[in-house]
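Below is one structure; the comments refer to it alone.
The values are calculated or read from the model by the stated rules, or taken from the named source; none is laboratory data. Predicted, not measured: the structure shown is a model, and the values here were computed from it. Don't worry about glycine lacking a Cβ; one is built from the backbone with ideal geometry, like all the others, and counts go over all protein chains shown.
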Amino acid sequence: MKLKRRSEAVKYVWLLGFLGFRGFQYFGTGNTLTLFWFSYFSFFAYYFIAKMANEMPDERFFENSRKAKLKVGNIPLLTLFLIGFCSGFSFVTKELIVLACAFGWTVTLISYAYLFWHYDKH
């Protein structure tokens, strides 16, 4: 019974991704902290996770997860390198750094979930 409730709850968590649109408040308020709302787009990854929520983990499941992690692992490394390398330039603002962090986080989670789902189905 617990497994069924959990999979039903996960099925709709992806809707929290729409909170990411609150990041556009920055253009009205100018508050840099509102840019972190863009990281809520990462909840869209649960769309793919919910498709596999009722499956029982087996060797193939863990292998697909490992392959997806290996491919996606380069995204945060590249993002952090670019943030660190470019932060010394005068044209890079704090807003740009916050945006890079938020979108780096979001792209990492969504691409992992998508690749995991893709390997499971193909």
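Among the residues of the range 71-89, is any closer than 28 Å to VAL10 by Cα and in contact (Cβ under 8 Å) with a residue 40 or more places away in the chain?
Within the range 71-89, one or more residues are closer than 28 Å to VAL10 by Cα and in contact (Cβ under 8 Å) with a residue 40 or more places away in the chain.
Looking at this structure, is PHE41 assigned to a helix (DSSP H, G or I), surrounded by 11 or more Cβ atoms within 10 Å (Cβ to Cβ), modelled with pLDDT under 90 and among the hydrophobic types (A, V, I, L, M, F, W, C)?
No: the conditions fail for PHE41.
Which condition from (1) surrounded by fewer than 17 Cβ atoms within 10 Å (Cβ to Cβ); (2) under 13 Å from the mean Cα position of the chain (by Cα) is the one that LEU70 breaks?
With respect to (1) surrounded by fewer than 17 Cβ atoms within 10 Å (Cβ to Cβ); (2) under 13 Å from the mean Cα position of the chain (by Cα), LEU70 is out only on (2).
Look at the range 109-121 and say how many of its residues are free of Cβ contacts under 8 Å to residues at least 60 places away in the same chain and within 8 Å of the chain's Cα centre (by Cα).
Summing the residues that are free of Cβ contacts under 8 Å to residues at least 60 places away in the same chain and within 8 Å of the chain's Cα centre (by Cα) in the range 109-121 gives 1.
Table: residues versus (1) farther than 18 Å from VAL107 by Cβ; (2) in contact with a Pro (Cβ under 6 Å, 6 or more places away or on another chain); (3) not aliphatic (A, V, I, L, M).
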position: PHE44; (1), (2), (3): no, no, yes
position: ASN54; (1), (2), (3): yes, no, yes
position: PRO57; (1), (2), (3): yes, no, yes
position: ASN64; (1), (2), (3): yes, no, yes
position: ALA68; (1), (2), (3): no, no, no
position: ASN74; (1), (2), (3): no, no, yes
position: PHE81; (1), (2), (3): no, no, yes
position: GLY88; (1), (2), (3): yes, no, yes
position: PHE91; (1), (2), (3): yes, no, yes
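For the subset of the range 86-101 comprising residues that are of a type in the set (A, V, I, L, M) and assigned to a helix (DSSP H, G or I), which member is surrounded by the fewest Cβ atoms within 10 Å (Cβ to Cβ)?
LEU96
Quick check on my filter: what residues within the range 108-122 are closer than 20 Å to PHE36 by Cα and crowded, with 18+ Cβ neighbours inside 10 Å?
THR108, LEU109, ILE110
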